[in-house]
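Quick notes on the structure that follows.
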Amino acid sequence: MSTPQSLLIDDIGVLVTNDPALGDGPSGRIEGAALVLAGARIAWAGPRAQAPAADARVDAAGRCVIPGFVDSHSHIVFAGDRSEEFAARMSGRRYEAGGIRTTVAATRAASEAELLANAVRLLREARSQGTTTLEVKSGYGLSVADEERAVRVAARLTEEATFLGAHVVPPEYADDPAGYVDLVTGAMLDACAPHARWIDVFCERGAFDADAARRVLTAGLERGLLARVHGNQLGPGPGARLAVELGAASVDHCTHLDADDVAALADPACGTVATLLPGVDFATRQPYPDARALLDAGATVALAGDCNPGSCYTSSIAFCIALAVREMRMTPEEALWGATAGGARALRRTDIGHLAAGARADLVLLDAPNPVYLAYRPGVPQVAAVWKDGALVSG
Ligand code: NIG
Ligand code: FE
């Protein structure tokens with residue numbers, strides 16, 4: 001077997017490893033650092049004076065290197081757009097779950113090639129902005145054939161494909177929502193489970209109540225899928241506690257949590273991450289989640305993007321970090337951790353979200369001297385280069 005080509009990234013002004021054993025604080029920060037990549041993995045991380053030799057060298061010129069963003073929530077398999085709905089919302093209309101049906105109609109009418117091309121476009125857009133892992137959901141098909149097609153397209157893009165047949169009840173089941181849950185937990189799950197790692201449900205008024213959501217998640221778990229939940233987005237509700245009860249990896253949105261929800265998520269025995277999606281609250285004029293309550297209570301908090309055509313059409317995790325810092329009072333360090341190591345926890349992955357020897361070589365060189373710049377210079381492109389699995393994929 002030949003030795004994999006190694007690459008030294010030298011003269012890193014600030015390296016965020018997310019490994020407290022390697023540097024300062026929870027983000028394992030090292031000033032004056034170097035990294036060595038070997039094949040798809042990190043071979044070494046530490047102070048540059050101690051760096052081992054490598055086959056090739058990149059000069060970071062004093063700039064900052066961070067783990068690639070782990071965006072644990074997206075809905076990029078869709079067709080059409082909802083810019084008119086957004087404009088109406090900015091003029092005062094409320095965001096409602098029912099808008100999803102507009103995208104369902106457009107998605108059903110599109111060809112598989114069109115869906116794939118649009119999703120690839122968005123994946124590349126995200127990658128060029130530093131996202132090296134992107135979870136991708138179905139959820140705009142809502143028939144057996146259309147969900148199977150969507151989750152199959154998702155699985156072509158990512159290892160983190162999610163079956164979200166329980167996004168909303170489609171129009172043809174408006175008079176028989178229980179029949180739709182039967183379909184999701186029966187023939188639709190049969191068709192989709194082979195392509196997915198995850199099962200998700202939108203547990204919210206206007207979508208699925210706690211009993212229906214429990215049925216959906218339990219059916220998925222029995223099929224060997226792992227659970228994640230959309231909950232507490234539009235109002236208080238049972239989503240967060242259901243996620244904790246069923247051992248879901250993550251409950252996403254968490255915009256409306258009560259004290260009991262926060263306590264449940266902060267319980268040391270709880271394995272459920274609270275994933276906050278501030279881009280959604282921005283684009284739907286919702287209040288922002290109380291990140292401080294979660295963090296101060298000891299919950300694990302991730303940040304994700306939720307790229308979708310309705311509630312949040314951004315692929316920029318840097319923008320979400322800026323919102324989290326400015327609007328949710330997360331420190332820049334907490335926000336970056338949430339968008340990297342936190343995202344990895346929300347996906348139950350130990351090989352990504354950090355830059356220690358053995359981890360995947362998924363990383364971003366920023367055109368900035370330190371990671372505070374992600375929030376300090378909002379809206380400014382600052383990604384100089386992106387490596388995924390050790391390969392330069394952008395820059
Ligand atoms: O995560 N909340 C449910 N699903 C998406 C919105 C989808 C849409 O509006 O099209 C979300 O916000
Ligand atoms: Fe979502």
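So, in segment 289-327, of the ones that are of a type in the set (Ser, Thr, Tyr) and over 22 Å from residue 262 (Cα atoms), which residue ends up nearest to ligand 1 (Cβ to nearest atom)?
Out of the qualifying residues, it is 311.
Kindly indicate whether residue 59 is closer than 23 Å to residue 366 by Cα, modelled with pLDDT of 95 or more, touching a strand residue (DSSP E or B) at 6+ places or on another chain (Cβ under 7 Å) and within 16 Å of ligand 1 (Cβ to nearest atom).
no
Considering only residues that are in a helix (DSSP H, G or I) and in contact with a helix residue (DSSP H, G or I) (Cβ under 8 Å, 6 or more places away or on another chain), which ones fall in segment 127-136?
Correct list: empty.
Scan segment 40-78 residue by residue and report those that are in a loop (DSSP other than H, G, I, E, B) and loosely packed, with under 15 Cβ neighbours inside 10 Å.
52, 53, 55, 61, 62
Kindly check whether there is at least one residue in segment 137-144 that is in contact with an Asp or Glu (Cβ under 9 Å, 6 or more places away or on another chain) and assigned to a strand (DSSP E or B).
Taking every residue of segment 137-144 in turn, at least one turns out to be in contact with an Asp or Glu (Cβ under 9 Å, 6 or more places away or on another chain) and assigned to a strand (DSSP E or B).
When the residues of segment 228-246 are narrowed to those that are within 14 Å of ligand 2 (Cβ to nearest atom) and part of a loop (DSSP other than H, G, I, E, B), which ends up farthest from the chain's Cα centre (by Cα)?
Looking at residues that are within 14 Å of ligand 2 (Cβ to nearest atom) and part of a loop (DSSP other than H, G, I, E, B), I get 234.
Only one of these is away from ligand 1 (no atom under 16 Å from the Cβ), closer than 22 Å to residue 345 by Cα, in contact with an Asp or Glu (Cβ under 9 Å, 6 or more places away or on another chain) and not charged (D, E, K, R): 132, 218, 162. Name it.
It is 132.
Can you give me the number of residues within segment 79-117 that are in a helix (DSSP H, G or I), away from ligand 2 (no atom under 16 Å from the Cβ) and closer than 22 Å to residue 149 by Cβ?
Adding up the residues that qualify gives 10.
Checking residue 343 against (1) touching a residue at least 60 places away in the same chain (Cβ under 8 Å); (2) part of a helix (DSSP H, G or I); (3) away from ligand 1 (no atom under 16 Å from the Cβ); (4) not charged (D, E, K, R), only one condition comes out false. Which one?
(3)
Can you tell me which of 335, 283, 297, 263 is within 25 Å of residue 123 (Cβ to Cβ), in contact (Cβ under 8 Å) with a residue 24 or more places away in the chain and more than 16 Å from ligand 2 (Cβ to nearest atom)?
Only one candidate qualifies: 335.
So which of 139, 99, 130 is buried (at least 18 other Cβ atoms within 10 Å of the Cβ), in contact (Cβ under 8 Å) with a residue 60 or more places away in the chain, within 30 Å of residue 41 (Cα to Cα) and of a type in the set (Gly, Ala, Ser)?
One residue alone meets the criteria, 130.
Give me the residue from segment 145-180 that is within 14 Å of ligand 2 (Cβ to nearest atom) and part of a loop (DSSP other than H, G, I, E, B) and, out of that set, farthest from residue 221 (Cα to Cα).
Ranking the qualifying residues of segment 145-180, first place goes to 168.
Filter segment 272-300 for residues that are within 17 Å of the chain's Cα centre (by Cα) and either surrounded by fewer than 19 Cβ atoms within 10 Å (Cβ to Cβ) or of a type in the set (S, T, N, Q) (or both) and give the result.
272, 275, 282, 300 - these are the residues of segment 272-300 that are within 17 Å of the chain's Cα centre (by Cα) and either surrounded by fewer than 19 Cβ atoms within 10 Å (Cβ to Cβ) or of a type in the set (S, T, N, Q) (or both).
The values are calculated or read from the model by the stated rules, or taken from the named source; none is laboratory data. What you see is a predicted model, and the numbers here were worked out from it, not measured in a lab. Cβ atoms come from the backbone with ideal geometry, glycine included; neighbour counts cover every protein chain shown.
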